[in-house]
Amino acid sequence: GNNGVNWLRNFLEEKSAHVIAVCDVNEISDGYWENTVRGRKVARSIVNEHYSSLVKGSYSGCDAYEDFRHVLDRPDIDAVYIGTPDHWHSVIAVAAAKAGKDIYCEKPLTWSLGEGQAVVKAVRENKRVFQTGSMQRSGGQFKKACELVRNGYLGDIKRILVALPDFGNAIWVDEFP
């Protein structure tokens, strides 16, 4: 999709990485939010074009998959980027950790605290490196909010509701007593 292709371009510029596979359930589609054509066919072309420019001749070493499990089955893949629709993040992250892959996963990491605990458990048990993108969570307003809570300015917190956005609606997925 859009975000995967955007990150793909960044990964291709990283000298310590080599992209050898892409995965998207859509072969090719213009139905993404950025009004451009994306999908696994486009992503594969971007990779092959990039590496062709670095070597003489054509390069066609990037494989394209429809099913993420085929990527995880490959012993020559060390790390994966998960930029799927949100409800797939935890499923793929747990499977990737169990397959021995290091992981970078988009936010929100999971839809519930239980899913989050399953990801943490899988990553720890399989001794994997895991990072999640948190975008604006690094902004000053979020740091300030955390400081207010940690320093008791909001009083004794009794209950936390965790919600995920759904195109203008809040989906309440967990409560933490």
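Summary of values
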| item | result |
| --- | --- |
| Cut-off 17 Å (backbone N to label point 7 Å along Cα→Cβ of V129), residues of the range 50-93 | 76-82 |
| 5 angstrom amide H check on A64, placed H, neighbours 5+ away | V22 |
| Near-label residues of the range 1-28 by backbone N, under 11 Å of a point 7 Å along Cα→Cβ of D76 | 20-21 |
| Distant-in-sequence amide H partners of T132 (H built 1.01 Å from N, under 5 Å) | C105 |
| Restraint check, K98/K158; K41/K101; K15/K98; K107/K144; K41/K107, Cα-Cα greater than 31 Å | K98/K158 |
| Exposure of D73 as accessible area (Å², to 10), given a probe of 1.4 Å and all protein chains | 120 Å² |
| Length added when fully stretched, H87-A17, from 0.36 nm per residue minus Cα-Cα | 22.5 nm |
| By average C-beta atoms within 10 angstrom, highest first, the peptides 87-93, 113-119 | 87-93, 113-119 |
| Inter-probe distance in nm under a simple model that places probes 7 Å from Cα toward Cβ, at V25 and R9 | 2.6 nm |
| Rounded to 5, percent antiparallel among DSSP beta bridges of the range 1-113 | 10 percent |
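The values are calculated or read from the model by the stated rules, or taken from the named source; none is laboratory data. Only a predicted model underlies this, so the values are computations on that prediction, with no experimental measurement involved. All Cβ positions, even for glycine, are placed from backbone atoms using ideal geometry, and neighbour counts span all protein chains on display. Side chains are part of the model used for accessible areas, which takes the heavy atoms of the whole protein and leaves out ligands, DNA and RNA. Shrake-Rupley method; radii C 1.70, N 1.55, O 1.52, S 1.80 Å.
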